[in-house]
1. How do the pairs read when you match residues in the stretch 98-121 that are at negative phi with residues anywhere that are aromatic (Phe, Trp, Tyr) and surrounded by 16 or more Cβ atoms within 10 Å (Cβ to Cβ), using Cβ under 6 Å and keeping only pairs 6 or more apart or on different chains?
2. Which of the numbered conditions does Asp129 fail, given that it passes all the others? Conditions: (1) under 22 Å from the mean Cα position of the chain (by Cα); (2) closer than 30 Å to Leu188 by Cα.
3. When the residues of the stretch 147-188 are narrowed to those that are assigned to a helix (DSSP H, G or I) and without any contact (Cβ under 8 Å) to a residue 12 or more places away in the chain, which ends up farthest from the chain's Cα centre (by Cα)?
4. Given the residues Ala174, Ala231, which is the only one that is more than 29 Å from Glu286 (Cα to Cα), crowded, with 21+ Cβ neighbours inside 10 Å and among the aliphatic types (A, V, I, L, M)?
5. Which of the residues spanning the stretch 200-217 are surrounded by fewer than 19 Cβ atoms within 10 Å (Cβ to Cβ) and over 19 Å from the mean Cα position of the chain (by Cα)?
6. Name the residues in the stretch 210-229 that are part of a loop (DSSP other than H, G, I, E, B), over 24 Å from Leu330 (Cβ atoms) and in contact with a helix residue (DSSP H, G or I) (Cβ under 8 Å, 6 or more places away or on another chain), would you?
7. Does Ala124 satisfy the condition of being surrounded by fewer than 19 Cβ atoms within 10 Å (Cβ to Cβ), out of contact with any helix residue (DSSP H, G or I) (no Cβ under 8 Å at 6 or more places or on another chain), among the small types (Gly, Ala, Ser) and over 19 Å from Pro319 (Cβ atoms)?
8. What is the one condition in (1) under 20 Å from Pro317 (Cβ atoms); (2) free of Cβ contacts under 8 Å to residues at least 12 places away in the same chain that Asp89 does not satisfy?
Amino acid sequence: MTRAPRLAAIATAALIPLTLAACSSSPSGEGDGASGDWTPVTVEHALGTTTIDSEPERVATVNWANHEVPLALGVVPVGMAAATFGDDDDNGVLPWVEEKLEELDAETPVLFDETDGIDFEAVADTRPDVILAAYSGLTQEDYDTLSEIAPVVAYPETAWGTSWRDTIELNSAAIGRADEGAELIADLEAEIDAAVAEYPQIEGAAAMFMTHVDTTDLSEVSFYTTHDTRALFFEDIGMVTPESVATASAETDQFSLTHSAEQADAFDDVEIIVTYGGEELVEALEGDPLLSQMPAVENAAVVNLPGDSPLGTAANPTPLSISWILDDYLSLLAEAADGAQ
């Protein structure tokens, strides 16, 4: 399931000796405590090649969820993007991130307001040594501007298409914690496997993740492709990608597509639909003459997540949200699977 590693350590004649204070609970993010030596690391990504010559003491992150990697490894960033949806108390921090900060006895880092794009000035003000953005939608212009501030780790292939594994792999290597990142991946995989074993009915079920549905206009069906991490996560939990979605995904590099509802019969192989909305959404789908013929709708095998809530937000798997959502999410999928059988 994982892509081949994209990291290459550059050997140097002499390692740079660093004496750094551990920062596992430091809100400043200074010193990662990974080792006393540092070998420069080169990361190849979609927007260029980044070399991190010295051990980062101040870690900043932009865009979605990148801050969760250093936090999961005990490193508190100096700055990170504020949460703009799924935030249950409007403080700009998602609940699983709040819990981790409390566990580390750390203050909330500087929050970057990305409502209108990256706040380059705010990022620069945190004086970072590295900027993590392995899961992001950076443009080339964004990357070039950020690179004037500090070395930037961008996404490996597709904007917003980096798996949670690759996000951990790339971001952890960039801060000198590749081994700990690998352990985190293994721990999450074990946790997922153990949880999935409690819900055998979802094994092999074909699922499609529909994007936000406009109940006033059901003339189109929009769905996430296999380039999106929400759809990719189905395979992590033992479900499968319907052939209809896989075929459509193979023809694009976009993370979502839209088809006419008149083509709804193309999704006859979809057994479970996951989407955002409430009961009014399910009622609208069931009342539509075309979409109601989809097997998942006909069998009431629809998981409707509240879109602007922690539960709905965490359907996009990230290093800290997976543990937070897993049992609740699997329970909802199992209930839908029971209806599909």
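The values are calculated or read from the model by the stated rules, or taken from the named source; none is laboratory data. Predicted, not measured: the structure shown is a model, and the values here were computed from it. All Cβ positions, even for glycine, are placed from backbone atoms using ideal geometry, and neighbour counts span all protein chains on display.
1. Asp119/Phe112
2. (1)
3. Here is the first cut: in the stretch 147-188, the ones assigned to a helix (DSSP H, G or I) are 147, 164-174, 178-188.
Among the residues that remain, those that are also without any contact (Cβ under 8 Å) to a residue 12 or more places away in the chain are: 179, 183, 186-187.
Values: Asp179: 20, Glu183: 18, Ala186: 17, Asp187: 17 Å.
Only one residue fits best here, namely Asp179.
4. Checking each option against the conditions leaves just Ala174.
5. Pro200, Gln201, Glu203, Gly204, Asp214, Thr215, Thr216, Asp217
6. Keep residues of the stretch 210-229 that are part of a loop (DSSP other than H, G, I, E, B), which gives 211-219, 225-228.
Checking the rest, the ones that are also over 24 Å from Leu330 (Cβ atoms) come to 214-219.
Result: Thr215, Leu218, Ser219.
7. Yes; evaluated as a whole, the condition is true for this residue.
8. (1)
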